[in-house]
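To start, the structure under review is shown below, and the notes come after it.
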Amino acid sequence: MKRNILVFSAVFVLGSILGTLGTISFPMGVNITYFWPAAALQTVSGIFFGLWGILAGVAFPIVSNALTDSSWAHTIGFIPANIVQCSLPLLVMRKFNISPNLKRMRDVLLFITGCTILPNVLGSVVGCGILYMSGYVNNNIELWDLIFVWIVGNIPSSMVFGFLLVKVITPVLKGCGLYYEGFLK
């Protein structure tokens with residue numbers, strides 16, 4: 001239990017900082033930004049830490065959005081998108097038996113498409129769709145603009161930093177017993 005609390009706390013604090021800094025760096029509106037490095041942490045948190053990583057990856061955007069003067073209604077509305085972006089990478093890793101060492105080209109390509117591109121595209125559609133249905137987005141043009149910005153802000157960060165984190169940090173986490181392999185077996 002101590003391990004789970006440590007993992008949750010570390011991901012939550014780091015994600016809150018990265019999310020807040022990303023949100024205020026290049027804002028587009030309604031807390032969607034052209035650069036959101038916290039997307040990389042959402043990509044790897046479930047892969048590294050299982051359910052506790054997913055929970056932290058879903059929770060920290062609530063804090064980062066609240067710290068950047070977001071309304072609570074739209075902050076809560078992003079939760080389904082955050083669930084997609086945190087849990088789908090773990091499910092893809094498990095379903096396709098992707099090695100976190102990412103030594104084979106197959107594993108690299110599946111990681112890029114299934115763990116970075118797909119979750120962020122689906123997350124953007126879900127998150128922006130909720131904003132549209134709740135009245136925060138006024139028209140279809142604004143909806144597609146926000147989806148585009150979400151994708152541009154999340155995928156490069158998720159792809160580059162997520163790949164590096166999985167490649168470099170996985171052996172360290174395995175060595176100190178923090179890596180959760182339960183879902184990958």
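What the table shows:
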item	result
Scope the stretch 131-185; condition surrounded by 14 or more Cβ atoms within 10 Å (Cβ to Cβ) and outside any helix (DSSP H, G or I); matching residues	TYR136, VAL137, LEU178, TYR179, TYR180
Residue, surrounded by the most Cβ atoms within 10 Å (Cβ to Cβ), within the stretch 73-95, restricted to residues that are in contact (Cβ under 8 Å) with a residue 40 or more places away in the chain and among the β-branched types (Val, Ile, Thr)	VAL84
Single condition LEU143 does not satisfy, out of (1) touching a Phe, Trp or Tyr at 6+ places or on another chain (Cβ under 8 Å); (2) in contact (Cβ under 8 Å) with a residue 40 or more places away in the chain	(2)
Test result for VAL108, closer than 22 Å to LEU51 by Cβ and assigned to a helix (DSSP H, G or I)	no
Only listed residue being within 15 Å of GLN42 (Cβ to Cβ) and at pLDDT below 95, chosen from GLY135, GLY127, GLY123	GLY127
In the stretch 96-121, the residues that are touching a residue at least 24 places away in the same chain (Cβ under 8 Å), touching a helix residue (DSSP H, G or I) at 6+ places or on another chain (Cβ under 7 Å) and of a type in the set (A, V, I, L, M, F, W, C)	LEU102, PHE111, ILE112, CYS115, ILE117, LEU118, VAL121
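The values are calculated or read from the model by the stated rules, or taken from the named source; none is laboratory data. In this text, all values refer to a predicted model and were calculated from it rather than measured experimentally. In this analysis, Cβ positions are derived from the backbone assuming ideal geometry, glycine residues included, and neighbour counts consider all displayed protein chains.
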